[in-house]
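Read the structure below first, then the notes.
What follows is calculated from the coordinates using simple rules that are stated; it is not laboratory data. Quantities reported herein were computed from a predicted structural model and do not represent experimental measurements. Don't worry about glycine lacking a Cβ; one is built from the backbone with ideal geometry, like all the others, and counts go over all protein chains shown.
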Amino acid sequence: MMLLKSKAFICMGLLAVVLASCESNLKDVQMMNAVAFSPAGQSEDINLKYTDSGELKAILESPLMLDFSNLDYGFNEFPKGVHVTMLDENGNKTFIESDYAISYNKTQLIDLQGNVKITSHDGKRLETQQLYYDQKNEWFYTEKNFKFTDEDGRYYEGPGIDFNKDFSIINAQQNSGEGNVDNIE
């Protein structure tokens, strides 16, 4: 009986050692499968100028840019926000700012988040918490709540809006607003 008890203790001890070593190996295997998600580069206090055919089209300023172009679906992240100045063919400026942004390289889509504001040269202003910009089609859109104010101080607000870069085409899903109407026929 004593021999059986000592064999049981030895088996229990061996089992404990095996389980402890398996736990250690499991952690090693988990670490091998972890994705290395670190930027290929980092830039501080950036001031990028975008040109097309020798003409200045936009200026992007940010305190920090993280470059993740090393990934299959590469992107640039601006964790401390952006300030963008867009220039049209007449040199008129539109200002865009947000607390955070991501620019996706393959789709040419920019996701602006947190206190997003666009102010055009003629006084139009849009405010929202998230806004996407399709660079290829020069089109903005959001499903979030927005407030759009025109150059005369009239505004409308609601969920969901899309528009072109100079606010000449605006599509709002549902909205309400306030403003003065001078001439009603």
Can you list the HN-Hα couplings for the stretch 163-168, worked out from phi with the Karplus curve (6.51, -1.76, 1.60; θ = phi - 60°), rounded to whole Hz and with x for Gly and Pro? 6, 7, 5, 10, 6, 7
If you average over every viewing direction, what projected area does the convex hull of the Cα atoms of the stretch 43-177 give, in nm²? 8.4
So for the pair Ile170, Asn137, with labels modelled 7 Å out along Cα→Cβ, what separation do we get in nm? 2.0
